[in-house]
Each structure stands twice: as structure tokens, then as C-alpha cells.
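**Student:** Would you mind keeping the following structure in view while I ask a few things?
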Amino acid sequence: MQHLLGTSDLAKADAVDLLDIAEAMTVSGGQAVKKLPALRGRTVVNLFFEDSTRTRISFEAAAKRLSADVINFSAKGSSVSKGESLQDTVQTLGAMGIDAIVIRHPGSGTPHFLAGSEWTDAHILNAGDGMHEHPTQALLDAFTLRRILSDEPVSGPAEASFGKDLAGMRVAIVGDVLHSRVARSNVHLLETLGASVVLIAPPTLLPWGAESWPCEVRYDFDAALEEFSFDAVMMLRVQRERMHQAFFPGPREYTRLWGLTEDRYRRLPETAAILHPGPMNRGFEICAAAADSPRAAVLGQVENGVYVRMAALYRLLTGRTSEDMQ
Ligand code: NCD
């Protein structure tokens, strides 16, 4: 593997291998000294052209836990505001000697473009490109779901999930699918791993052509709760910053029809897990009772994100697989 750009072209064996490397990394999290020497002397740049809390910090923590040097670049406060192009930014960073670029960019396809360009020969990791893909988020979600399927704690060291896929699992992804790179990456990855995905959204918040994606599509949340028995429900944030027109009548209407309200939360199967990529809009797409319940895996997802990103950096920069780690 040279780059990690998306999940639509990620082979099942590579996806399972990344999850298994992440499992091996969880052992380091429980130790007093959390650092591993694997990437000593390597340099990772976090190149963020969009706001981020957890993804940027998570990549930074992952690289540091592997002993890499980390350079954080945020477009705000850089020469980008003086009109510097992506080409010049990347070539400038390249001149300083870097091994990997973790990039978040509002333009869909930017990481793919960088990977195919001659501006850099660094490994490219997509940390979210516009409304396209967010592969490490989907991998951390798959990691968390695999734990749930194996009846293990959602985070921390465990063994039963090792080597497994998600066959037999049914997952609902609910909300603003249109603007969500998390949903796109999850649909592909979960399908590759053998799970069945049901997208639930207002018709206005589903992208054109979603009917041809490898999943089922439903518009009515209540009817879908009657029809399917979900093992997990992944709520999506309503991305109002990307909305330049009215996609639904108002927030109250949205919550009433597509929110994980207390009533819907109580109607979920008792064992169903609740996931959210964060940041959450409490009281809008998810009620506090669901977000704070013992079935919510949200903080476990954040914890697992560090291990999954350690796995991605480790696999790309060392070329080693989970087998080489044993
Ligand atoms: C997501 C993103 O930025 O795509 N957040 C994240 O990475 N944890 C989802 C979102 O912003 O709603």
C-alpha cells in the first residue's frame, strides 16, 4: 500500500489487515510508556485546509505514539491566505523532507490528485476530502463494530475480533448522507467487510445515485425500525455549514422525523450500539439520553481512531503487515 485515499478501492484483505494492526496497537495504549519506536526519524505533516478537532489531534497522537516527528499545518494563519497554491504549499513542505502527508481539504478528490501528481513522493493519507471520502473514520467505525459483533469491550486491548470481518451485521446510517464523507466511506468499507447497510435519510439529503450504492435506502426512520433489527445505528451530523439552501423545513421537523429521539432510542433492539463520528449536535440529530447511554460507542470510536491511524501510518511507512508484527 502506497497511499490511503478511500475505502471504495480498499481490498478486504488490506482492510482486515489494517484493523488487525490497530488491534495490536491497542496493547501499547494500556502501558505507562505508550510510545513505540516504529517511525523514529520519519516526518508526518498534518495538512489541514478545513476545521477539525478529533481527526487532526488523533493523527497527531498516532504519529507521535509511533515516535514520528509531526508538523502541523493549518491553512488558517499560513501563506495560503496570501494566495499560495496547493502545489507551492506541498512542494515547500516536500523541500523540508517529509515522509507522509495527512490531508483534509474541502475539494473532493484533492488527496487523489496529490497522490497522482509529481509534486511529492510522500505517502498520502486522506483525512476527509469535501463530500467524498474519510477512510480512517470508516476504519475506526469498522474496528468499533467488529468489537461489538464479537461481544467485546468497544475499546482497549481484546483478542476475539482479530482476523474477522463484519459478516452478518446490520448497520443503519442515518441523517445527512448528502454532505457526509463518513457515510460514503462507511458504505463501501462495511459492504467489503460483509455487513448490510441501510441508509436512512430525507430524500433531499441523499445524493443522486445513492440507490445504486451497495446498500438499502429508506426515507422513513420509524418504518425502518419496524422493518429491520439493527446491530448498530450510526447517526450523522447535519452539516449546516455545507448547506446553502433549505434541505428540510426546520430543525424541529428534522428531529421529529430523522433524529434519534428518546422514543426511537427506546425502540432500538436492546443490544444495538449507537455510533456518531462527532462532533454531535445534541438535541438535533441525537438526544442526550442516547448520546450518554452505555450503548453509545462515541468515546470508544475516538479512542479507536488513534489505533487505526497508527495502523495506517505504520502500514504505509514501514510496509509491514499484521503478520510481520507477530
Ligand atoms: C466528520 C468529518 O469531518 O467528516 N467528523 C470527523 O472527522 N470526526 C463528520 C462531521 O463533521 O460531521
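The values are calculated or read from the model by the stated rules, or taken from the named source; none is laboratory data. Just so it is clear, the model here is predicted, and its values are computed rather than measured. Heads up, the Cβs are rebuilt from the backbone with ideal geometry, glycines too, and the neighbour counts pull from every protein chain shown. Only protein heavy atoms, including side chains, enter the accessible area calculation; ligands, DNA and RNA are left aside. Shrake-Rupley method; radii C 1.70, N 1.55, O 1.52, S 1.80 Å.
**Student:** With an 8 Å cut-off on Cα pairs and a minimum separation of 6 or more residues, tell me the relative contact order of the chain in percent.
**Tutor:** 22 percent
**Student:** Out of GLY29, HIS3, VAL16, whose Cα points farthest toward the positive end of the dipole of the range 1-53 (charges: +1 Lys, Arg; -1 Asp, Glu; placed on Cβ)?
**Tutor:** Going by the Cα projections, it comes out as GLY29.
**Student:** Would you look at the GNM of the chain, springs on alpha carbons closer than 10 Å, and say which of ALA232, ALA75, ALA273 moves the most?
**Tutor:** Per the Cα network of the chain with a 10 Å cutoff, ALA75 tops the list.
**Student:** Evaluate 2.2 N^0.38 Å with N set to the residue count of the range 107-185, then give the Cα radius of gyration divided by it.
**Tutor:** Ratio of Cα Rg to 2.2 N^0.38 Å: 1.36.
**Student:** Treating only the Cβ atoms of Lys and Arg (+1) and Asp and Glu (-1) as charged, compute the dipole magnitude of the chain about its Cα centre; round to the nearest 20 debye.
**Tutor:** For the chain, the charge dipole is close to 860 debye.
**Student:** On full extension of the chain, what length is gained from ILE57 through SER117, given 0.36 nm per residue of separation minus the C-alpha to C-alpha distance?
**Tutor:** Residue separation times 0.36 nm, minus the Cα-Cα distance, leaves 18.9 nm.
**Student:** In addition: Go through the range 219-235 residue by residue and turn each phi into a ³J(HN,Hα) via Karplus (6.51, -1.76, 1.60, θ = phi - 60°); whole Hz please, and just put x for glycine and proline.
**Tutor:** Rounded to whole hertz, the list is 9, 10, 4, 4, 5, 5, 5, 6, 6, 10, 10, 7, 7, 7, 10, 9, 8.
**Student:** Additional query: What is the range 154-301's relative contact order, in percent, from Cα pairs under 8 angstrom and six or more apart in sequence?
**Tutor:** 25 percent
**Student:** Turning to a different aspect of this structure: Between SER196 and residues 5 or more places away or on another chain, which pairs have amide H atoms under 5 Å apart, with H built 1.01 Å from N, and which residues are they?
**Tutor:** GLY168, MET169, ARG170, VAL171
**Student:** Right, here's the next one. How large, in percent, is the carbon and sulfur part of the accessible surface of the chain at a probe radius of 1.4 Å?
**Tutor:** 50 percent
**Student:** Rounded to the nearest 0.05, what FRET efficiency do VAL80 and GLN2 have when you use their Cβ-Cβ distance and R0 = 30 Å?
**Tutor:** 0.70
**Student:** Given the chain, what percent of its DSSP beta bridges are antiparallel, to the nearest 5?
**Tutor:** Antiparallel bridges make up about 5 percent of those DSSP assigns within the chain.
**Student:** Under 1.5 on a/c is rounded, so check that first for the chain, then, if it is not, pick prolate when a/b is larger than b/c and oblate when it is not; a ≥ b ≥ c are the square roots of the alpha carbon gyration tensor eigenvalues.
**Tutor:** Oblate shape, in that a/c is at least 1.5 and b/c is the bigger or equal ratio.
**Student:** Output wanted: per-residue J couplings in Hz (rounded whole) for the range 133-140, from phi through Karplus 6.51 cos²θ - 1.76 cosθ + 1.60, θ = phi - 60°, x for Gly and Pro.
**Tutor:** 3J(HN,Hα) across the range 133-140, in whole Hz: 9, 8, x, 6, 5, 5, 5, 6.
**Student:** How much accessible area per residue does the range 135-297 have, counting only protein heavy atoms and a probe of 1.4 Å, in square angstrom?
**Tutor:** I get 41 Å² per residue for this part.
**Student:** Taking 7 Å along the Cα-to-C-beta vector as the label spot, tell me the ALA95-ARG267 distance in nanometres, rounded to one decimal.
**Tutor:** Going by the 7 Å Cα→Cβ label model, 6.1 nm.
**Student:** With the chain treated as a Gaussian network of Cα nodes joined by springs under 10 Å, which of GLY94, GLY130, GLY83 yields the largest mean-square fluctuation?
**Tutor:** In the Gaussian network model the winner is GLY83.
**Student:** Here's something else I'd like to know. What shape does the range 135-297 take by its C-alpha gyration tensor, where a ≥ b ≥ c are the square roots of the eigenvalues and a/c under 1.5 counts as rounded, a/b above b/c as prolate, and the rest as oblate?
**Tutor:** prolate
**Student:** So what are the three principal axis dimensions of the range 1-100 from its Cα atoms, in whole Å, longest to shortest?
**Tutor:** 44, 35, 26 Å, listed from the longest principal axis down.
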